[in-house]
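Here's the structure we're looking at; comments come further down.
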Amino acid sequence: MEKQKSVAVVGGGLVGAMNACYLSSRGFKVDLYEARQDIRTMEIVRGRSINLALSCRGRQALKKVGLEDQVVKDGIPMYARMIHDLNGTLRPIPYGKSDQYIMSVDRRKLNETLLTAAEERPDVTLHFQHKLISCDLEKGKLSFKIAPAHDDDSRGQVYERNGGADVEVTTDLIMGNDGAYSAIRKHMVKRPRFNYSQEYIPHGYMELTVPPHNGEFAMAINYLHIWPRNEYMMIALPNQDKSFTLTLFMPFDMFDQIKTGDDVMRFFMEKFPDSVPLIGEESLKETYFKLPPLPLVSVKCSPYHVSDKAVIMGDAAHAMVPFYGQGMNCGFEDCLVFDEIMEELGNDLSKVLPEFSVVRSPDAHAICDLAMYNYIEMRESVNSRWFLMRKKVDAC
Ligand code: FAD
């Protein structure tokens, strides 16, 4: 009988947790290493967007591991964009036919569902507070530092700062799912003929909240609300608790010009007047200064693998700007595509890994480009006469 293969999944975010489910189903002994504490035991989870748009490609990947129904039952369908013009006019723009929609889901809940599903599968062990500090990709060796519970900085600089390792492991396959600032990818970058580019856009983002009003949603529920203002924009997605999470995307130098509570009020009254009573004046002034705006990075690289030993997926392979709502969806699809290639090539990692790079990197690069294009469409083109005319033609 063939010996059971081991895989070390680095990163227990959305893609890592999903990969643990897929790889267990393929008979691997799975050890997942996540730098953060177990989010299921935390009161507040800091990090990226509170909710996400789940689309068809993400759902297909959830379906194959039997989780689609569980996730979808807690989601909120969004059938159209709802454009908020400066003068308060509202204009719905459907995503497709009347029964087609994308779905707003809670990031934390989705990640928790995936971690629990992974943990319940055979031969899966989750190791939290294990931060990868170095690795030898060709030999399948990984070194981890036991991270303090409060340390949620998963960006590069800490790896160099930390001293010796606390835990060392050797594995048959390294699965790098450690996000946009991936430590595994940093090791790949040092290798010959590895293509790599990254771009920070001038915009950052900040999240605000529209609480429920009189126990109900304060805006029409089944929409992705957009306030397009050409150079910048704000969007809102509905949450299960009847609130909306607003995300303001704006150039960093504009964020920097807003220094006081009065500046915030002036800016919002001028640019997003209908949102002010929804957010609430006090809450707006307080939340605006609570956390600094966060950067947005787009990453392209290839190949995604090293020999038969290591592969990267999700944001580690193709972080993208969020305007196409496809980063997670595309990461989920990576897991599905990898699984299909494993099936086709009889789990032979020496063939599967190169094939995954060949098949997946052009598609992921295309989605990164589309996301960058939609950056302009969402904040600007939806305002243009051409766009409105095209929509009228579509409707005919
Ligand atoms: P992550 O979610 O970043 O997970 C990586 C994990 O690895 C983290 O848990 C981290 O702690 C861990 N880690 C990092 N370094 C180490 C290390 N050295 N050792 C161990 N563990 C480590 N996508 C959509 O599809 N739809 C949307 O609507 C959408 N909206 C978005 C809105 C915003 C504002 C942003 C910023 C992104 C959005 N995205 C969206 C993109 C989506 O968030 C990402 O594509 C998705 O989170 C990628 O999942 P991942 O598991 O690859 O990476």
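The values are calculated or read from the model by the stated rules, or taken from the named source; none is laboratory data. Just so it is clear, the structure is predicted and the values come from calculations on it, not from any experiment. Heads up, the Cβs are rebuilt from the backbone with ideal geometry, glycines too, and the neighbour counts pull from every protein chain shown.
Annotation: Lys300 fulfils all but one of (1) part of a strand (DSSP E or B); (2) within 24 Å of Met103 (Cβ to Cβ); (3) more than 10 Å from the ligand (Cβ to nearest atom); the unmet one is (2). When Val337, Val321 are screened for being free of Cβ contacts under 8 Å to residues at least 40 places away in the same chain and either in contact with an Asp or Glu (Cβ under 6 Å, 6 or more places away or on another chain) or more than 18 Å from Met188 (Cα to Cα) (or both), only Val337 passes. On inspection, Arg107 passes the criterion of being within 28 Å of Pro295 (Cα to Cα) and in contact with a Leu (Cβ under 6 Å, 6 or more places away or on another chain). Would it be correct to say that Val72 is of a type outside the set (S, T, N, Q) and under 29 Å from Gln129 (Cα atoms)? When the stated conditions are applied, Val72 does not pass them.
Here Leu67 meets the list (1) modelled with pLDDT under 95; (2) surrounded by fewer than 20 Cβ atoms within 10 Å (Cβ to Cβ) almost entirely, failing just condition (1).
Restricting attention to the stretch 152-174, and to residues there that are under 23 Å from the mean Cα position of the chain (by Cα) and β-branched (Val, Ile, Thr), which single residue is modelled with the lowest pLDDT? Spell out the reasoning first.
Just the residues of the stretch 152-174 that are under 23 Å from the mean Cα position of the chain (by Cα), to begin with: 152-159, 174.
Pick out the ones that are also β-branched (Val, Ile, Thr) and you get 158, 174.
Details: Val158: 40, Ile174: 98.
The qualifying residue modelled with the lowest pLDDT is Val158.
Within the stretch 285-297, the set of residues being within 25 Å of the chain's Cα centre (by Cα), outside any loop (DSSP other than H, G, I, E, B) and not polar (S, T, N, Q) comprises Tyr288, Phe289, Lys290, Leu294, Pro295, Leu296, Val297.
Could you look through the stretch 139-151, keep only residues that are modelled with pLDDT under 95 and either surrounded by fewer than 18 Cβ atoms within 10 Å (Cβ to Cβ) or aromatic (Phe, Trp, Tyr) (or both), and pick out the one that is nearest to the ligand (Cβ to nearest atom)? Checked the stretch 139-151; the qualifying residue nearest to the ligand (Cβ to nearest atom) is Asp151. Among the criteria (1) within 14 Å of the ligand (Cβ to nearest atom); (2) outside any loop (DSSP other than H, G, I, E, B), the one Met320 does not fulfil is (2). Met188 meets all of the listed conditions (1) crowded, with 20+ Cβ neighbours inside 10 Å; (2) away from the ligand (no atom under 11 Å from the Cβ); (3) closer than 21 Å to Pro273 by Cα; (4) of a type in the set (A, V, I, L, M, F, W, C) but one, namely (3). Screening the stretch 11-105 for strands (runs of 3 or more DSSP E) wholly inside it with 1 or more residues that are within 15 Å of the ligand (Cβ to nearest atom) and among the hydrophobic types (A, V, I, L, M, F, W, C) returns the ranges 29-33, 51-54, 76-78.
Among the residues of the stretch 119-138, how many are more than 12 Å from the ligand (Cβ to nearest atom) and either among the β-branched types (Val, Ile, Thr) or closer than 20 Å to Ala316 by Cα (or both)?
Selection size over the stretch 119-138: 5.
Go through the stretch 125-151 and give me each residue that's aliphatic (A, V, I, L, M), more than 23 Å from the chain's Cα centre (by Cα) and not in a loop (DSSP other than H, G, I, E, B). Selection gives Leu142, Ile146.
If a residue has to be under 9 Å from the mean Cα position of the chain (by Cα) and assigned to a helix (DSSP H, G or I) to count, how many in the stretch 307-317 make the cut?
From the stretch 307-317, those under 9 Å from the mean Cα position of the chain (by Cα) are 314-315; that's our starting set.
From what's left, assigned to a helix (DSSP H, G or I): 315.
Matching residues across the stretch 307-317 total 1.
Going residue by residue through the stretch 254-268, is there one that turns out to be surrounded by 20 or more Cβ atoms within 10 Å (Cβ to Cβ) and part of a helix (DSSP H, G or I)? Yes, that holds for at least one residue. Residues that are crowded, with 16+ Cβ neighbours inside 10 Å and not charged (D, E, K, R) do occur in the stretch 209-216.
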